[in-house]
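Novice: Below is a structure I'd like to ask you about.
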Amino acid sequence: MFSGLVLMRKYFAEFIGTYALVFFGTGAIIINEISKGDITHLGIAFTFGLIVSTMIYIFGNVSGAHINPVVSIGFYLAGCFAIKDVIPYINVQVLGACMASATLLLLFSGYEGTLGATLPAASEIQSFILEIILTYFLMIVILFVSQNKDTVQYTAVAVGAIVAVEALVGGPISGASMNPARSIGPALLSGNIQHLWIYIFAPLIGAALAAFSWKAMKKNTEAD
């Protein structure tokens, strides 16, 4: 019974964390569109970075604050997360994202935009490659900082910072998703699903490459 309660706390933390990420992050995009640029692109990027940092501070000791399906998968591939928890984590993360988008859809019922959906600005292949690169560096930062006892206390700051930087640089091109749940919620609720495959498969590839890179570098460091 106790173990079941612990699991429920973890799953609820992932649900709330992902809900907050999508609600505040894509909410900033929506409000920026409605207000004709009051928040600005810089403000949107910092909103994503700050909400990620905040959720890690709050839920890091509860669930690890993955709030991203490919982070859960990346941790598993790196040998830092149990396979039995991967699917439940992904389920609650996607559910949290969809609930956040549904909330925004209700709040802004007259809004005719995309609910902050991630869409390629130019070619699909450009955004696909960019999302692989962005997710690779996101996952590398997460692994190197969170899995080192000397730096683990800086995880929230480091991860929030890389999210903000990548959103600032990649946002105008690919939307800088790096997170399938963040893309699935707005896409499903707004009906913009034609490019969704980019934001599912590219982050998965990027996170997998980062996990294998981290394992290789970790082994070399241990050998030295």
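The values are calculated or read from the model by the stated rules, or taken from the named source; none is laboratory data. Not measured: the values here are computed from a predicted model. A quick note on method: Cβ atoms are made from the backbone with ideal geometry, for glycine too, and the neighbour counts reach across all protein chains shown.
Novice: Looking for whichever is under 18 Å from ILE125 (Cα atoms), under 13 Å from the mean Cα position of the chain (by Cα) and assigned to a helix (DSSP H, G or I) here; the options are ILE205, ILE184, ILE200. Which one fits?
Specialist: Numbers: ILE205 fails: under 13 Å from the mean Cα position of the chain (by Cα); ILE184 fails: under 18 Å from ILE125 (Cα atoms).
Answer to the selection: ILE200.
Novice: Could you say which residue among ILE129, ILE140 is closer than 13 Å to PRO203 by Cα, surrounded by fewer than 18 Cβ atoms within 10 Å (Cβ to Cβ) and at pLDDT 95 or above?
Specialist: The match here is ILE129.
Novice: Also, quick follow-up: Pull out all pairs, ordered by first then second residue, where Cβ-Cβ is under 7 Å, the residues are six or more apart or on different chains, the first lies in the stretch 46-59 and is within 12 Å of VAL157 (Cα to Cα), and the second is part of a helix (DSSP H, G or I) and among the polar types (S, T, N, Q).
Specialist: As it stands, the answer is ILE56/THR155, since those pairs meet every condition given.
Novice: Give me the pairs: first residue in the stretch 193-215 and farther than 9 Å from THR135 by Cβ, second residue small (Gly, Ala, Ser) and in a helix (DSSP H, G or I), beta-carbon distance under 6 Å, and six or more apart or on different chains, which are they?
Specialist: Going by the 6 Å Cβ cut-off, the qualifying pairs are ILE193/ALA187; LEU196/ALA187; ILE198/SER127; TYR199/SER183; ALA211/GLY74.
Novice: Considering only the stretch 1-33, state which residues are aliphatic (A, V, I, L, M) and at pLDDT 95 or above.
Specialist: ALA13, ILE16, ALA20, LEU21, VAL22, ALA28, ILE29, ILE30, ILE31
Novice: So, one more: Run GLU33 past the list (1) touching a residue at least 40 places away in the same chain (Cβ under 8 Å); (2) surrounded by fewer than 22 Cβ atoms within 10 Å (Cβ to Cβ); (3) touching a helix residue (DSSP H, G or I) at 6+ places or on another chain (Cβ under 9 Å) and report the number of the one that doesn't hold.
Specialist: (3)
Novice: Let me ask something else. With the structure loaded, tell me whether THR135 is polar (S, T, N, Q), out of contact with any Pro (no Cβ under 7 Å at 6 or more places or on another chain) and part of a helix (DSSP H, G or I) or whether it fails that test.
Specialist: Here the answer is no, as THR135 does not meet what is asked.
Novice: Given the conditions (1) surrounded by 15 or more Cβ atoms within 10 Å (Cβ to Cβ); (2) over 19 Å from THR26 (Cβ atoms); (3) more than 17 Å from the chain's Cα centre (by Cα), which single one is not true for ALA82?
Specialist: For ALA82, the exception is condition (1).
Novice: For the stretch 80-102, indicate whether the set of residues that are assigned to a loop (DSSP other than H, G, I, E, B) and of a type in the set (S, T, N, Q) is non-empty.
Specialist: The answer is no, given that none of the residues of the stretch 80-102 is assigned to a loop (DSSP other than H, G, I, E, B) and of a type in the set (S, T, N, Q).
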